[in-house]
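The structure appears below as structure tokens.
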Amino acid sequence: MLAKIIACQPAEPGTAQLMVRLRGETAILTNLTFTLCNNEQNYLQPDGSWSPAQHWFTMNGGYALNNGSGFRIGPTLLDPLLATASQVQIQIKLDSGETRNTTLQLVRDELLSSEARGETGNYSGSSMLATPEVPSEPVIATETVVTPEPVEPVIHTEARTPAKSGSSRLPVIGAAILALVVIAGALWWFLGRDKSPEVPPVEQTQQETPAAAPEPVAHSTCSAQGLNSQNELDFVQSCVQEKLDSDKLLTIIQAAKEAKKCGVAQRLYANRAQDGDTKIALVYAGEYDPKYHQPSECFKAPDKDTAAYWYETVLQTEPDNQTAKQRLEELGK
């Protein structure tokens, strides 16, 4: 499958043509249902934003274009695609229910966004970011600092006035204190020895508490076992976040192919290849290269155009990569 956005003839700002060519299909598609997903696994929405929520676009009025099917698109699709630096995966859904994925190619040098019509409008919006006035808060802080004015010395002067008449009560107070000491000693003698053994169990429970703290380490979600326990999008996102090395990621991709999780395999291939991993990009190109192609549920037939695209991606990172150069020459013959 090949999918490419090319300019209209003559070129018109905000409009372009989406060309889709299906391997083994010659009939012109009258309608097209598809999603657009960037490297961060976010999907294009009707308002031009990108979100993790999958959204399906549908277009009608297909026509013959470059040995495939063409559809006219407007600024709703073109503008956000030109604005993003990320490469985008397109997934189409055929009338039979089959889905196919590939990287969407944009001929950026020939495409014009709707802003190129000369409607430059207000580009001085940064002036609205003037810092808000904040001097009022320090005034409040100074007021709160001044508040400590409780007059406590008055209480001490009042407390001293009854001392004059209290000297005659000292014997009574002394007797009461002595009685309390005797009572406290008796209570300690009868009750203190029974309660004292309860202290060590408290210490034991406190010591035992940390022993239960360790928790089992969570297993990696990007694994062959995780393929069936997560939905496709969550699994791909977990693998992108874990940043596995090339060999480990190829193992996961192979497991996805064997489990017929074709969307997972293609997205993991494309995401890492677009990030500059030439080893992954070469293997991905080989999935479509007639010389290396091995039929599978996820890669049923070779596709010279798609293979050439991924070899070109390799050369963007490694301009002297001989394998990519040789295969591009062979595919161009």
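The values are calculated or read from the model by the stated rules, or taken from the named source; none is laboratory data. Because the structure is predicted, anything quoted here is derived from the model rather than measured. Positions of Cβ are generated from backbone atoms using ideal geometry, with glycine treated the same way; all protein chains shown enter the neighbour counts. Areas reflect the complete protein model, heavy atoms only, side chains present, ligands, DNA and RNA absent. Shrake-Rupley method; radii C 1.70, N 1.55, O 1.52, S 1.80 Å.
Select from segment 273-291 the residues that are of a type in the set (D, E, K, R) and open to solvent by 40 Å² or more (accessible area, probe 1.4 Å) and list them in ascending order. Those that are of a type in the set (D, E, K, R) and open to solvent by 40 Å² or more (accessible area, probe 1.4 Å): Asp275, Lys279, Lys291. In segment 14-23, the condition of being buried (at least 19 other Cβ atoms within 10 Å of the Cβ), aliphatic (A, V, I, L, M) and touching a Ser or Thr at 6+ places or on another chain (Cβ under 6 Å) is met by at least one residue.
Listed by position, the strands (runs of 3 or more DSSP E) inside segment 1-109 whose residues that are closer than 19 Å to Ala308 by Cα number at least 1 are 2-6, 16-21, 68-73, 88-93, 99-106. Does Gly332 satisfy the condition of being among the small types (Gly, Ala, Ser) and open to solvent by 50 Å² or more (accessible area, probe 1.4 Å)? Here the answer is yes, as Gly332 does meet what is asked.
Go through the residues of segment 81-92 one by one and say whether even a single one is within 21 Å of Asn39 (Cα to Cα), modelled with pLDDT of 85 or more and open to solvent by 60 Å² or more (accessible area, probe 1.4 Å). Among the residues of segment 81-92, at least one is within 21 Å of Asn39 (Cα to Cα), modelled with pLDDT of 85 or more and open to solvent by 60 Å² or more (accessible area, probe 1.4 Å), which makes the answer yes.
Looking only at residues in segment 56-72 that are open to solvent by less than 80 Å² (accessible area, probe 1.4 Å) and out of contact with any Phe, Trp or Tyr (no Cβ under 9 Å at 6 or more places or on another chain), the one that is farthest from Leu36 (Cα to Cα) is Ala64. Taken residue by residue, segment 297-311 has at least one member that is surrounded by 14 or more Cβ atoms within 10 Å (Cβ to Cβ), within 14 Å of Thr278 (Cα to Cα), among the aromatic types (Phe, Trp, Tyr) and touching a strand residue (DSSP E or B) at 6+ places or on another chain (Cβ under 7 Å).
Does Arg100 qualify as being within 28 Å of the chain's Cα centre (by Cα) and of a type in the set (D, E, K, R)? Spelling it out, Arg100 is indeed within 28 Å of the chain's Cα centre (by Cα) and of a type in the set (D, E, K, R).
Among the residues of segment 236-260, the ones that are within 17 Å of Gly286 (Cβ to Cβ) and hydroxyl-bearing (Ser, Thr, Tyr) come to 2 in all. Of the numbered criteria (1) within 28 Å of the chain's Cα centre (by Cα); (2) open to solvent by 30 Å² or more (accessible area, probe 1.4 Å), the one Gln294 fails is (1).
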